[in-house]
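The structure appears below as structure tokens.
The values are calculated or read from the model by the stated rules, or taken from the named source; none is laboratory data. Keep in mind the model is a prediction, meaning the values are calculated, not measured. Glycine gets a Cβ as well: all are built from the backbone with ideal geometry, and neighbour counts include every protein chain shown. With ligands, DNA and RNA removed, areas are computed over all heavy atoms of the protein, side chains included. Shrake-Rupley method; radii C 1.70, N 1.55, O 1.52, S 1.80 Å.
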Amino acid sequence: MTPEEFRRYAHQVVDHMADYMGSVEQFPVRAQMLPGGVESALPLAAPEQPESMDEILKDVGQIVRPGLTHWQHPRFFAYFQANGSPPSLLAEMLTAAFGQQAMLWETSPAANELEARVMEWLRQLIDLPDSFTGTIQDSGSTSNLVALLVARERALDWRGNEEGLSGVPAPVAYVSQETHSSVAKAARIAGYGGAGTVAVATDARHRMDVRALERAIVKDRERGRVPAVAVATFGTTGVGAMDSISDMADVCEEHGVFLHVDASWAGSALILPEVQAMARGLYRAHSLVLNPHKWLLTHFDCSAFYVKWPKDLLRTLRVSPAYLESDAGEGGREYRDWTIPLGRRFRALKLWFVLRSYGAEALRGMIRRHVQWAANLERTVAAEPDFEVVTPRSLSLFTFRFRAPGMDDVTEVDRLNLALLEMVNSDGFTYLTRTDVDGRPVIRFVVGQLWTEERHVTESWSHITRIARSLHTVRTKRSPG
Ligand SMILES: *Cc1c(COP(=O)(O)O)cnc(C)c1O
């Protein structure tokens with residue numbers, strides 16, 4: 001394809017992008033497709049001869065589009081949102097055009113230095129002290145892994161790196177029952193193992209029980225294990241619980257344990273002073289992750305990872321072969337040493353576009369609106385006679401269940417709620433996901449999509465109640481008594 005041919009098709013594709021953005025609301029949120037639906041439409045082998053771009057683009061419309069779950073849909077209330085705003089998209093287009101591989105300063109001074117500066121901007125916006133230094137990781141999962149690796153090596157005095165883990169005392173990571181699954185995965189990869197991953201009990205508000213944390217640390221030390229890291233979650237994925245960072249910091253400081261804060265979702269809301277006040281003691285953490293690719297309008301992937309002691313991070317991860325020699329200058333950084341893969345995308349550009357083109361004030365306004373709409377809906381749900389709020393709202397997330405009148409059997413109520421969720425999602429009008437609370441399924445409602453207006457929230461709620469009540473009526477008719 002010549003640059004001129006590229007220009008012609010690129011204009012078509014951009015028109016397509018703008019049309020999609022303007023019409024995404026018309027699509028069913030969750031893909032209306034059975035497994036195998038896309039694969040069965042694809043040839044079994046790659047073509048030997050070139051195919052025209054017209055044909056390829058036609059297949060995007062006919063094969064790919066129907067297989068999309070529309071994350072940019074204003075009635076997407078599932079998981080956590082993955083927002084792709086227009087300014088972020090413009091930056092992603094440029095990022096792709098420049099095709100940078102930003103592993104070293106020298107392979108992309110622009111990517112390197114822009115990253116340093118936007119991480120500073122974001123650090124100030126979330127009111128984190130300048131004792132923290134940031135880098136952009138591909139995901140919250142990688143950030144959690146990096147934190148667990150650094151914590152392990154600090155606790156083992158870098159013997160793990162040197163000797164491997166078989167001859168050293170066992171490092172232990174403390175999580176809660178609500179900690180994200182990526183931390184359990186990171187603990188496996190980092191060699192803590194299931195045995196070295198302690199799930200500390202939670203209190204009635206699903207926060208880590210700090211006294212139980214302290215008891216576990218003391219017990220492990222007595223047994224000759226090495227308490228290495230405690231993971232505090234600021235906004236758990238299931239119910240949005242917020243561990244007490246400052247109480248955990250007391251325990252961690254007392255016992256010399258690394259404190260990592262996973263704020264992958266709620267961390268974006270730290271641009272609000274009223275949310276900063278909820279994260280008391282954050283400055284005492286050793287590392288922190290938040291995902292602008294969730295709630296700060298920046299395309300996946302963009303995960304902001306901050307550490308207090310970059311030297312420890314470098315000592316853990318840096319390996320320097322001759323073929324990667326480079327010079328970032330006095331005070332410069334080689335980000336290849338800050339993460340797992342060597343190769344790095346130019347991710348700072350999209351965050352820079354977002355922060356500049358919206359400005360902090362508009363971003364704060366958006367998050368406040370999302371929180372307000374969730375609060376309004378929570379009140380509505382609480383007032384419905386046949387629904388209950390199960391876990392109260394944390395920022396823009398709460399969970400609920402349908403309490404069908406006259407249905408007392410817990411198993412039956414749970415089954416009805418799972419059926420309700422599946423019906424809501426398979427009809428495509430709106431999209432929500434579940435979690436378990438105290439061993440029972442509940443439905444999560446989380447507001448956070450860029451295009452969402454309050455009417456999308458209320459429309460979705462009407463839709464859910466309508467389906468719930470019809471479902472219950474059908475069941476009652478089918479099984480009288
Ligand atoms: C989403 C989430 C993660 C994982 O983030 P990825 O960027 O998808 O890897 C980790 N922890 C919490 C609390 C999350 O909400």
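Give the accessible surface of region 300-414 per residue, rounded to a whole number of Å², with probe radius 1.4 Å and ligands, DNA and RNA excluded.
Working: 5540 Å² over 115 residues.
Accessible area per residue, region 300-414: 48 Å².
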To the nearest 10 square angstrom, how much accessible area does Arg379 have with a 1.4 angstrom probe? 150 Å²
Expressed as a whole number of Å, what is the distance separating the alpha-carbon centroids of region 69-132 and region 374-401? 33 Å
Hey, what number do you get for the chain at 222 nm if only DSSP H runs of n ≥ 4 count, each worth -39500 (n - 2.57), divided across all residues, to the nearest 500? -14000 deg cm²/dmol
So, with a 1.4 angstrom probe, what is the percent of accessible area on region 250-400 that is carbon and sulfur? 52 percent
Looking at the square roots a ≥ b ≥ c of the eigenvalues of the Cα gyration tensor of region 174-325, which shape do they give, rounded for a/c under 1.5, prolate if a/b is larger than b/c, or oblate? oblate
Kindly sort Val64, Val371 by accessible area of their heavy atoms, largest first, with the probe set to 1.4 Å. Val64, Val371
Calculate, axis by axis, the spread of Cα positions in region 27-163 along the three principal axes, and write the results as whole Å, longest axis first. 55, 40, 34
In the chain, what percentage of the DSSP-assigned beta bridges are antiparallel, given to the nearest 5? 60 percent
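Hey, any idea what the orientation-averaged projected area of the convex hull of region 58-122's Cα atoms comes to, in nm²? All intermediate terms of the calculation are to be shown ahead of the outcome.
Details: hull surface 27.6 nm².
Seen from a random direction, the Cα hull of region 58-122 projects 6.9 nm² on average.
Summarise the accessible area of region 30-90 (1.4 Å probe, protein heavy atoms) by the percent that is carbon and sulfur.
61 percent
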What does the net charge come to around Leu148 if you take all other residues with beta carbon closer than 12 Å to its beta carbon, with K and R at +1 and D and E at -1? +2
Rounded to the nearest whole Å², what accessible area per residue is found for region 1-122 with the 1.4 Å probe? 61 Å²
Packing-wise, with mean Cβ within 10 Å as the measure, how do 163-174, 281-292, 131-142 rank, highest first? 281-292, 131-142, 163-174
Given backbone amide H placed at 1.01 Å from N, residues whose amide H is under 5 Å from that of Ser176, ignoring those fewer than 5 places away on the same chain, are Val200
Total charge of the residues flanking Thr452 in space, meaning their Cβ is under 13 Å from its Cβ, with Lys and Arg +1 and Asp and Glu -1, is -1
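Average projected area of the Cα convex hull of the chain, in nm²?
The Cα convex hull of the chain, projected and averaged over all directions, gives 26.9 nm².
Order 455-467, 319-331 from most to least packed using the mean count of other Cβ atoms within 10 Å.
The packing order, highest mean first, is 455-467, 319-331.
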Residues whose built amide H sits under 5 Å from the amide H of Ser244, excluding neighbours closer than 5 in sequence, are Met208
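Apply 1/(1 + (r/R0)^6) to the Cβ-Cβ distance of His255 and Asp438, taking R0 = 22 Å, and write down the FRET efficiency to the nearest 0.05. Spell out each step's value before the answer.
Details: r = 30 Å, r/R0 = 1.35.
It comes out at approximately 0.15.
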Compute the separation of the alpha-carbon centres of region 299-345 and region 203-273 and state it in Å as a whole number. 26 Å
Going highest first, how would you order 438-450, 71-83 by mean Cβ packing within 10 Å? 71-83, 438-450
Table column - 3J(HN,Hα) (Hz), region 238-252, Karplus curve with 6.51, -1.76, 1.60, x for Gly and Pro: x, 10, x, 4, 10, 4, 7, 5, 6, 5, 5, 5, 4, 5, 5
Over all alpha-carbon pairs in region 8-51, figure out the percentage whose distance exceeds 13 Å. 73 percent
Of Asp414, Asp209, which has the most accessible area with a 1.4 Å probe, and how do the rest follow in descending order? Asp209, Asp414
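Can you compute the FRET efficiency between Val38 and Ala199 using 1/(1 + (r/R0)^6), with r the Cβ-Cβ distance and R0 = 30 Å? Round to the nearest 0.05.
On the way: r = 38 Å, r/R0 = 1.25.
After rounding to 0.05, the efficiency reads 0.20.
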